[in-house]
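The values are calculated or read from the model by the stated rules, or taken from the named source; none is laboratory data. Computed from a prediction, not measured in an experiment: that's the story for all the values here. For neighbour counting, all protein chains shown are included, and Cβ atoms are generated from backbone atoms with ideal geometry for every residue, glycine included. In case anyone asks, the SASA skips ligands and DNA or RNA and just uses the protein heavy atoms, side chains included. Shrake-Rupley method; radii C 1.70, N 1.55, O 1.52, S 1.80 Å.
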Amino acid sequence: MAKTKIRQAFGFVLAALLTLALTPLAAFADGETPAPGTSGNGNGTITIENAVDGYTYTAYQILVLESFNADNNAYSYTIPDAWKQFFAKGVEGQPDGPGAKYVNISETGYVTWAGAKEDEQTDAADLATAAVDYAIANEIAGKSVTAAEGAAVITGLDLGYYAVDSSMGALCSLNTTATNANIQEKNEKPKLDKQVQEGDAWGDLSDASIGDTVNFRIIVTGAYGAQNYVVHDVMDDGLTFEGITAVIDAATNAAVPDDAWSPVLTPKDDCTFEVTLADSLFAGLEKGQTRDYIIEYTAVLNDKAVATEPEVNKAQLEYGDGHKTVWEETKTYTWNFGVHKIYEGGNVQEGAEFSLTANTADGAPVLFVEKDGIYTVSKSGGSAVIKPLSANGSRVTLTGLDAGKYYLHETKTPEGYNSLAGPLEIIITSTPNDDKTELSYSVSGVTATDGQGVPVVDVVNRTGGLLPSTGGIGTTILYVVGGLLIVGAVVFLVVRRRQNAK
């Protein structure tokens, strides 16, 4: 992923301010005070209190303390060769160096403070900022230590004027002549939260139909010392990034000015997109304070999405000197179910056709693209006709569906079979697991599952018995029965007359 190389420190509150009178910034070794006229010869130490494990602290010596007399508050500074351009006064039309306005340099090369007394603290902070930027840009070596178990001590320093930088992002600076120089690490780790919209709520899980637009947002919580914030976002293949819709100040709900954030929509790395937030957005934060910004964007669930398998969208914040938060992710699902056309008598018939509507029975039919008995939702270019006859017999699968209510309509019935009395109501219900990291689903009216675990809804068509027709055996039976009744009646009358005659 892209990594910010140039540190931008303007506008940050420093962990401590540089000295007001150019007193030395390196400390003496414990229990040992150099005699007047010496510079410590590598015995100085700087201790960073409240250091954050895993982060690097670097001390840059911008001035050398050649000699001093602490009793008289007299200190003699010179400029190291690597910093001469930084403090140089411009000549013959050349610009001043970044640090030139902060000091006066005598003809013999000695340095005194040049700032006005009422602005000394601000000037000292600006000098520290400019010095660290200059050191990084010009690859000037400093002395570094990585904090472990809450401790960070930079040792082996010659006495002088030092600026101390933290890889968390904010600049630290120091003023002391004590045996041990101590500064406080006030920087705080930023946070990132990744969310997807489901209905009116925001969370970690959602489901959608293929072709639907899915809304996402990233909430960046900036803390004291914010610097070099770059958001990285990565989407699975089943999501097609559409664009960033807004960057919002969460406190005011106002849009962030365009010049305070910059997107990279086609990164050269594995990211889908990146967004850099300007350091100035977090200016003025003090210890314990935070400020939230929301990056809103959209993606479309495309036909690469596989039913029941989540499409992951993850985001990470890079900050400071290449530090990164853990990845935060959301999961978006789509669902499927099967339709099994059952004919009374077990025959597989051609000619049956169905359609599916969402939400209401009289809504617009869902469009599908069919391949090998798999009907995949298509927002355009598809067909509403579902034919439950394929290589799988009379079973097909409808896939790419959002959770919700659907109606299956029989629009054409094979000859000799009764049509359904009305549409079948089918409800897809999605449910998060106990720790709310996954979604599962169920389908109403399911009678079985197929070999791939797809829930299947049976649709039964029945045929009635064959009614008798003219000239058939039904008419013959009537004639025979009628004839027998007539013969019986004649016999009865004859017998009765004979009995009466006797």
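Details
- Some residue of the range 395-407 being modelled with pLDDT under 95 and not in a strand (DSSP E or B): no
- The set of residues from the range 235-261 being farther than 19 Å from residue 310 by Cα, of a type in the set (S, T, N, Q) and surrounded by 13 or more Cβ atoms within 10 Å (Cβ to Cβ) comprises just one member, 245.
- Reported count of residues in the range 315-330, each being open to solvent by 70 Å² or more (accessible area, probe 1.4 Å) and assigned to a loop (DSSP other than H, G, I, E, B), is 3.
- Cβ separations smaller than 9 Å between residues 6+ apart or across chains give the following pairs from the range 151-164 residues that are part of a strand (DSSP E or B) to residues that are among the charged types (D, E, K, R) and open to solvent by less than 10 Å² (accessible area, probe 1.4 Å): 152/185.
- Members of the range 177-206 that are modelled with pLDDT under 80, among the acidic types (Asp, Glu) and in contact with a Ser or Thr (Cβ under 7 Å, 6 or more places away or on another chain): 185
- Complete set of residues in the range 300-359 that are under 30 Å from residue 166 (Cβ atoms) and among the hydroxyl-bearing types (Ser, Thr, Tyr): 319, 325
- One residue from 287, 268 being in a loop (DSSP other than H, G, I, E, B), touching a Lys or Arg at 6+ places or on another chain (Cβ under 7 Å) and open to solvent by 30 Å² or more (accessible area, probe 1.4 Å): 287
- Filter pass, residue 403 being under 19 Å from residue 456 (Cα atoms) and buried (at least 18 other Cβ atoms within 10 Å of the Cβ): yes
- Test: residue 312 is in a loop (DSSP other than H, G, I, E, B) and not basic (Lys, Arg): no
- So residue 29, is it of a type in the set (Gly, Ala, Ser), modelled with pLDDT under 90 and within 22 Å of residue 143 (Cα to Cα): yes
- Selection count where residues are open to solvent by 60 Å² or more (accessible area, probe 1.4 Å) and free of Cβ contacts under 8 Å to residues at least 40 places away in the same chain, scope the range 415-424: 1
- Output for the range 206-233, where each listed residue is surrounded by 20 or more Cβ atoms within 10 Å (Cβ to Cβ) and hydrophobic (A, V, I, L, M, F, W, C): 208, 210, 214, 216, 218, 220, 223, 226, 230, 231
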